[in-house]
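Here is the structure we will look at, set down as structure tokens.
What follows draws every value from the coordinates through simple rules; no lab data is involved. Fair warning: this is a prediction, and the values are worked out from it, not measured in the lab. Cβ: placed from backbone, ideal geometry, glycine included. Neighbour counts: every protein chain shown.
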Amino acid sequence: MKKIQCLLKVLSPLHIGGLVTEVNNMDFFYDTKYLYHVSETRMAQALKEEGLIEDFINFMSSGQASLQEYLETPPYIPKEDLRKRLEGKKIALTRPPVKRINSFRLFKQDPLTRKPYIPGSTIKGALRSDILFMLMDKGALKAEEVEKTVRKSKRRDRKKVGNMVNRLLESADLQHTRPGPHRDWLRALKISDAFCRDEEPSFLQEVKVVSLNKNG
């Protein structure tokens, strides 16, 4: 098996991770430049060593649910020491926050190093899409057939559309072979996960999510 090392260059902001990666506001705090993501282990240890466990529990019982508010609530000492102890993994802010940050969604991370990465399956999916568009431009695939299938599915039957795309890829520009899953030559291509070379590859930016579904 031939192994090729490649450098992946991201030309626009990229985020991989969904609702499952959302972090609640008891697990982070921030200043004007960085957001600090705090692990539960570090939090428990710091509260214990600073003698603030009871104070923290009382704060939680008051109905507040934000680590940022807890650190900002007087008295600041020894909370300033606590703040410094909690500063661990930091994510750059694109600009100073104009309003309170209630939650954020983490980029997909390696569970051991907590470094963000792009899964090999995601890269392979992007390559698959590029190949499909290339074949359509060459005329090997009929755009009318793709549009017809998508239109008939009314954007609901994703499996049907996926099967159609697989069938087209299996038959495009290949001769003297029978159709079937074993004709998908991309199965012979294995792509590893891609890790960033930068020390601080991530930054936090506010976005507005727009749903294209009719039901919102």
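Here are the numbers for this structure:
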item: Peptides 7-19, 31-43 ordered by average Cβ neighbours within 10 Å, highest first; result: 31-43, 7-19
item: Value of relative contact order over segment 1-119, rounded to a whole percent, pairs C-alpha under 8 Å and six or more apart; result: 40
